[in-house]
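As structure tokens, the structure follows; a few thoughts come after it.
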Amino acid sequence: MTPPRASMAAARGGGSPPAGWAALRPHLLPTRFLRADALDQATGATVWIASETAQHTGSFKFRAALAAALHRPAPRLLTASSGNFGAALAAAARQTAKGCTVVMPSRSARVKIAAVESHGATVELIDPDRISRHARLAELLAADPGAQAVSPYDDPFVICGNASLGEEIFTAKPPERTDVVVVPVGGGGLSAGLCVAKALLAPRCQVFGAEPALANDAARSLRAGRLVSNAREPDTLCDGARTLSLGERNFAILREELAGIVEVSEELVVRAMGLLAGALALRAEPTGALGLAALLTQPKTFRGRRVVCVVSGGNVDPATYDRLVRR
């Protein structure tokens, strides 16, 4: 089968996705497929959860970070991240004997800052209202010409690494057949990766994005037919979606391959976190609960269909989790 040309061209530079997946596979933990009748009853769909909470560093980001680190010749890697990609790149850099510095907003979850530091990386905290992550990253690159920046999402190897999760979803038994995959959207790295895998392995399946209504630049971009940016980092519980805009590569893929984006309220994110905790004893961070929250937001779209909801990570401060889920 031949995947659509534009989406493959946007990911080009990351090599052959199947070859990349084979290289990553020995270093990854397989995603967990989970089911509970309570989720079917709450949504009207047949729901499978593809959980990356037990992946190395607690989220899908390790897939992307390792793919990038393996293909970057620089001895030091720099990135800007709200936490999950920073921790993942720190771990991947240590595994590939590279240095790593991560620019993070000062309001990042404490557990995520500690995770980055635990893998031996340097953390640069910034006030996003005074300087953007990317501006500080540019300053660090100018001071260290031997280093190389890695985008958490707008990078061909990152997209290819994330597509390895799509390979697992589309070849998993169970579920024997997937009608729809619903995936959180921030910068678009994971959603673009799943779209690449879908084009290669399951072209009849639909992929929907799930995005906080308070950080809906991706939905607005798809409606406008061009990249639209947030004026500042969005004030949403979903810290993995506090991006200014989609990446250019990601937008090119999503514009062609994504079936749509569901904009989700903060209230339904919290409800989805509670459902995952109650039905599956699964601790999801707010961004990770976006997929299930999308089913609660637009049940008619998914009713009666076999849906895989990606829970992208479980890195959340215990105090924050308790406040949201156990209130």
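At-a-glance table
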{"quantity": "Label-to-label distance, nm, for residues given as Thr320 and Ala97 (7 Å Cα→Cβ offset)", "calculated": "3.6 nm"}
{"quantity": "Cα-centred dipole magnitude for the chain, charges only on beta-carbon of K, R (+1) and D, E (-1), debye, nearest 20", "calculated": "500 debye"}
{"quantity": "Label-point gap, in nm, between Arg25 and Lys300 - each point 7 angstrom along Cα→Cβ", "calculated": "4.3 nm"}
{"quantity": "Among Cys100, Val111, Ala149 the positive-end extreme of the charge dipole of the stretch 61-149 (Cβ point charges)", "calculated": "Val111"}
{"quantity": "Residues of the stretch 45-71 with amide N under 19 Å of a point placed 7 Å along Cα→Cβ from Ala259", "calculated": "45-51"}
{"quantity": "Amide H partners (placed H, <5 Å) of Val181, local residues excluded", "calculated": "Gln206, Val207, Phe208, Val308"}
{"quantity": "Extended-chain gain in nm, criterion 0.36 nm per residue less alpha-carbon gap, Asp129 and Arg177", "calculated": "12.7 nm"}
{"quantity": "Residue exposure sequence - Lys61, Lys112, Lys173, Lys198 - by fewest surrounding Cβ within 10 Å", "calculated": "Lys173, Lys198, Lys112, Lys61"}
{"quantity": "Cα centre as origin, Lys/Arg/Asp/Glu Cβ charges: the stretch 208-327 dipole, Debye", "calculated": "440 debye"}
{"quantity": "Fully extended contour minus Cα-Cα distance, from Ala54 to Arg226, at 0.36 nm per residue", "calculated": "58.4 nm"}
{"quantity": "5 angstrom amide H check on Val262, placed H, neighbours 5+ away", "calculated": "Gly209, Ala210, Glu211"}
{"quantity": "Candidates Gly313, Gly278, Gly291: whichever shows maximal mean-square fluctuation once the chain is modelled as a Gaussian network with Cα springs under 10 Å", "calculated": "Gly278"}
{"quantity": "Other-chain or far-sequence residues with amide H under 5 Å of Glu124's (modelled H)", "calculated": "Val102, Val103, Met104"}
{"quantity": "Taking Leu296, Leu194, Leu140, Leu246 and counting other C-beta atoms within 10 Å, the order from fewest to most", "calculated": "Leu140, Leu296, Leu246, Leu194"}
{"quantity": "For the stretch 210-215, 3J(HN,Hα) per residue [Karplus equation, 6.51 cos²θ - 1.76 cosθ + 1.60, θ = phi - 60°, Hz, x = Gly/Pro]", "calculated": "10, 9, x, 4, 7, 9"}
{"quantity": "Least to most buried among His27, His56 (fewest other Cβ within 10 Å first)", "calculated": "His27, His56"}
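Readers should treat all values here as calculations from the given coordinates under stated rules, not as data from a laboratory. None of these values were measured; they are calculated from a predicted model. Glycine gets a Cβ as well: all are built from the backbone with ideal geometry, and neighbour counts include every protein chain shown.
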